[in-house]
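Chemist: Once you've had a glance at the structure underneath, I'll fire off some questions.
Please treat every number below as a calculation from the coordinates, not as lab data. Source: prediction; values computed, not measured. Using ideal geometry, Cβ is built from the backbone for each residue, glycine included, and neighbour counts are taken over all protein chains shown.
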Number of protein chains: 2
Amino acid sequence: MTQFWSSIVHELTPYVPGEQPRIDKLIKLNTNENPYPPSRNALAAIRDSADESLRLYPDPDATSLKSAIARHYKIQTNQVFVGNGSDEVLAHVFMGLLKQDKPLLFPDITYSFYPTYCRLYQIDWRTVPLNDRFEINLDDYDDRGGAIIFPNPNAPTGRLLPVLAIEQLLQRLPNRLVVVDEAYIDFGGTSAIPLTRDHDNLLVIQTLSKSRSLAGLRVGYAVGHPNLITALERVKNSFNSYPLGRSAIAAATAAIEDDNWLQETRRRVMDTRHHLSRALTERGFEVLPSAGNFVFARHPQHDAAKLAQSLREHAILVRHFNQPRIEQFLRITVGTDDQCEALLNALDAIFSAQ
Amino acid sequence: MTQFWSSIVHELTPYVPGEQPRIDKLIKLNTNENPYPPSRNALAAIRDSADESLRLYPDPDATSLKSAIARHYKIQTNQVFVGNGSDEVLAHVFMGLLKQDKPLLFPDITYSFYPTYCRLYQIDWRTVPLNDRFEINLDDYDDRGGAIIFPNPNAPTGRLLPVLAIEQLLQRLPNRLVVVDEAYIDFGGTSAIPLTRDHDNLLVIQTLSKSRSLAGLRVGYAVGHPNLITALERVKNSFNSYPLGRSAIAAATAAIEDDNWLQETRRRVMDTRHHLSRALTERGFEVLPSAGNFVFARHPQHDAAKLAQSLREHAILVRHFNQPRIEQFLRITVGTDDQCEALLNALDAIFSAQ
């Protein structure tokens with residue numbers, strides 16, 4: 001009984017997010033949430049926003065937030081677009097900028113929402129294989145196709161491209177749009193945002209869900225040349241005038257301005273990632289070098305799907321992708337030191353029982 | 001310099017929302033916000049949400065909110081879809097349900113976002129003129145076209161259709177989808193939601209922005225047959241897995257459950273609307289009968305655009321639409337008694353000065 005569906009609805013393959021269990025006792029290392037709380041200033045801003053003024057619409061342009069982002073990155077406010085999580089920002093980017101005559105290019109192993117957006121907006125795309133070390137080689141993007149999108153660091157591999165490689169790509173292909181999805185950049189990479197000043201073909205996307213510990217708030221943003229931002233604003237204002245509520249704008253502004261908390265928590269996550277990667281290697285895992293708040297690892301003697309299931313029986317969730325090339329990997333979010341210790345203990349118990 | 005825009009971006013005509021001034025002293029009767037604060041329980045829920053748990057993603061299905069809506073209307077949870085304001089819900093409805101082979105029908109005078117969505121999703125549409133009394137006549141929708149959408153009460157006219165007329169339409173046209181946008185239904189109308197139990201071709205959309213005084217939160221919902229909801233979920237999960245943050249879900253759930261506050265504030269708004277309509281009529285205005293939290297009125301001796309400008313000089317904002325048939329009307333939000341008194345005093349001052 002689908003007689004009232006638009007025909008496109010039949011062709012969609014909705015994205016399946018990582019499980020959000022309702023059981024509190026589970027150790028959640030499956031959706032790359034930050035183990036540390038958000039900035040106290042952000043939480044205070046939410047509490048302060050909970051007053052009579054919520055009867056009023058928010059600022060449709062979220063000017064305070066755009067200004068805070070512009071100050072933080074030393075760019076202009078008209079270079080900033082904001083949205084309801086970076087997933088909404090990405091959706092508008094796919095519709096407004098990535099639907100071109102030539103096919104969109106992205107890696108074969110990457111954020112699995114990209115092909116979903118392509119089906120939603122009927123965008124033609126081609127995947128470009130990662131090399132055998134699961135690295136993106138940007139030279140592979142030169143010859144064919146139109147616009148390009150990739151995460152840096154890539155997900156779920158965690159592998160980072162140096163910003164110099166991105167700059168060279170922008171110089172080689174000045175007539176092709178390059179979108180860099182920097183959801184995880186704060187965990188050890190260098191942002192390409194400064195390159196937006198000199199390259200009108202670069203758009204950079206970031207989120208407050210990971211390094212700012214605000215996955216529950218839903219705020220993301222894009223930075224690029226004002227011409228690119230104008231396209232996104234036109235799509236946004238044809239979709240929803242007010243994507244960010246008053247509490248979200250206030251909290252996100254406070255979070256961006258609290259750089260000390262960002263620095264402290266990202267350092268803790270990077271330290272724990274270092275120890276976790278070493279401990280996994282000691283247990284026989286091959287661990288890809290990660291610049292995200294997760295590691296991507298496989299064990300030559302243990303099937304990944306079975307291992308994920310065994311960890312689940314130890315009340316630990318990790319993410320397994322049943323997908324060619326990476327079906328033997330697990331993506332493990334970097335938790336607190338205690339959570340990572342619990343993971344290692346569970347692995348030891350699983351291995352010794354076999 | 002629009003070389004990187006998708007071609008559709010050139011064809012858009014973004015919606016222009018009512019002004020959100022940054023000056024506090026203005027009396028804002030221009031965007032149909034509720035003059036009374038939100039439920040205290042909703043505000044408490046936001047404050048309670050401002051804790052460490054914001055580092056975690058929200059429930060992608062917003063189950064607690066859907067359940068509260070289902071209980072409130074005595075329907076099933078799988079008949080409910082929720083989104084980031086009813087504008088986002090409408091956007092997904094246009095893409096997922098209203099893009100049909102035959103053109104979409106809606107009134108010539110109605111919510112001006114509808115043609116904007118049609119351009120975004122390249123939906124063919126026809127407008128059906130209101131009659132001379134600015135009423136929707138549903139018989140006019142029988143002969144041609146595919147799906148149908150209209151607000152009830154209509155905006156910006158405020159005129160209400162009896163739910164019986166909607167039921168008869170659904171019975172006459174069982175193979176055509178009917179979407180009723182009930183943004184203002186709580187201010188004096190009867191909701192068509194109970195009809196969704198017996199009519200699989202009806203979708204009803206509501207918002208928390210008006211009668212629940214939560215325009216600053218951004219929550220809306222749709223109610224209909226589970227088949228219609230499935231289409232919307234497929235679009236939503238191809239666009240953004242988590243459209244509602246944790247604070248929004250908690251506050252919206254509390255607001256839906258606080259029916260006493262809804263009843264009290266809607267009664268106050270309706271009382272003030274009654275007095276305001278009478279006072280405007282006494283001053284020579286023609287006031288359309290309104291079932292919304294606004295009145296739509298024209299004065300035979302005073303040009304509407306000039307009157308809006310004069311009121312602005314008295315620090316009072318009202319909305320004027322520069323559009324055929326209604327360019328001599330003003331849409332005036334029902335404020336508090338004091339705000340409406342200030343409006344009437346300003347009108348008296350303007351009229352006596354001429």
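Chemist: Could you tell me the calculated FRET efficiency between B:E52 and B:V16, based on Cβ-Cβ distance and R0 = 35 angstrom, to the nearest 0.05?
Modeler: It comes to 0.30.
Chemist: Something else about it: Among A:H274, A:H199, which comes first, then next, by fewest other beta-carbon atoms within 10 Å?
Modeler: Lowest to highest Cβ neighbour count: A:H274, A:H199.
Chemist: What net charge do the residues around B:R267 carry, taking every other residue with its C-beta under 14 Å from that of B:R267, with Lys and Arg at +1 and Asp and Glu at -1?
Modeler: -2
Chemist: Mind checking which of B:S39, B:S49, B:S209 has the largest fluctuation in a GNM of chain B, springs on alpha carbons under 10 Å?
Modeler: Per the Cα network of chain B with a 10 Å cutoff, B:S49 tops the list.
Chemist: Which one, A:G188, A:G284, A:G335, has the greatest fluctuation when you compute a Gaussian network model over chain A with C-alpha springs under 10 angstrom?
Modeler: Its mean-square fluctuation being the largest, the pick is A:G284.
Chemist: A further question follows. Taking a ≥ b ≥ c as the square roots of the Cα gyration tensor eigenvalues, with a/c under 1.5 meaning rounded and otherwise prolate when a/b beats b/c, else oblate, which class fits the stretch B:90-237?
Modeler: Taking the square roots of the gyration eigenvalues as a ≥ b ≥ c, the stretch B:90-237 is rounded.
Chemist: Something else: Is it possible to state the helix-based mean residue ellipticity at 222 nm for chain B, with each DSSP H run of 4+ residues giving -39500 (n - 2.57), the sum divided by total residues, to the nearest 500 deg cm²/dmol? What is it?
Modeler: Only helices count here, giving -11000 deg cm²/dmol.
Chemist: Of A:K28/A:K210; A:K236/B:K236; A:K74/A:K236; A:K66/B:K28, which ones are farther than 19 Å apart at the Cα?
Modeler: Over 19 Å Cα-Cα: A:K74/A:K236; A:K66/B:K28.
Chemist: Now for a different question. What's the local net charge at A:L43, with K and R +1, D and E -1, over the other residues with C-beta under 9 Å away?
Modeler: Residues near A:L43 contribute 0 overall.
Chemist: Still on this structure, I have one more. Which net charge results for the neighbourhood of B:Q122, defined as the other residues with beta-carbon distances under 9 angstrom from its beta-carbon, given Lys and Arg at +1 and Asp and Glu at -1?
Modeler: Result for the local shell: 0.
Chemist: Any idea what the dipole of the protein assembly as shown comes to, in debye rounded to 20, about its Cα centre with Lys/Arg Cβ at +1 and Asp/Glu Cβ at -1?
Modeler: 40 debye
Chemist: Within 10 Å of each residue's Cβ, count the other Cβ atoms and sort B:L344, A:L214, B:L65, B:L317 from fewest upward.
Modeler: B:L344, B:L317, B:L65, A:L214
Chemist: Classify the stretch A:1-78 from the C-alpha gyration tensor, please: rounded if a/c falls under 1.5, else prolate or oblate depending on whether a/b exceeds b/c.
Modeler: In terms of gyration-tensor shape, oblate.
Chemist: Could you give me the ³J(HN,Hα) list for the stretch B:144-160, computed from phi with Karplus coefficients 6.51, -1.76, 1.60 and θ = phi - 60°, whole Hz, x at Gly and Pro?
Modeler: 9, x, x, 6, 10, 9, 7, x, 9, x, 5, 10, x, 6, x, 6, 9
Chemist: So how far apart, in nm, are the two label points at B:D139 and A:H72 if each is 7 Å from Cα heading toward Cβ?
Modeler: 6.0 nm
Chemist: Determine how many Å³ per residue the convex hull of the Cα atoms of chain A encloses.
Modeler: Spelled out: Cα convex hull of chain A, divided by residues, is 158 Å³.
Chemist: Can you tell me how the protein assembly as shown classifies by the Cα gyration tensor, rounded, prolate or oblate, using a/c under 1.5 as the rounded cut?
Modeler: prolate
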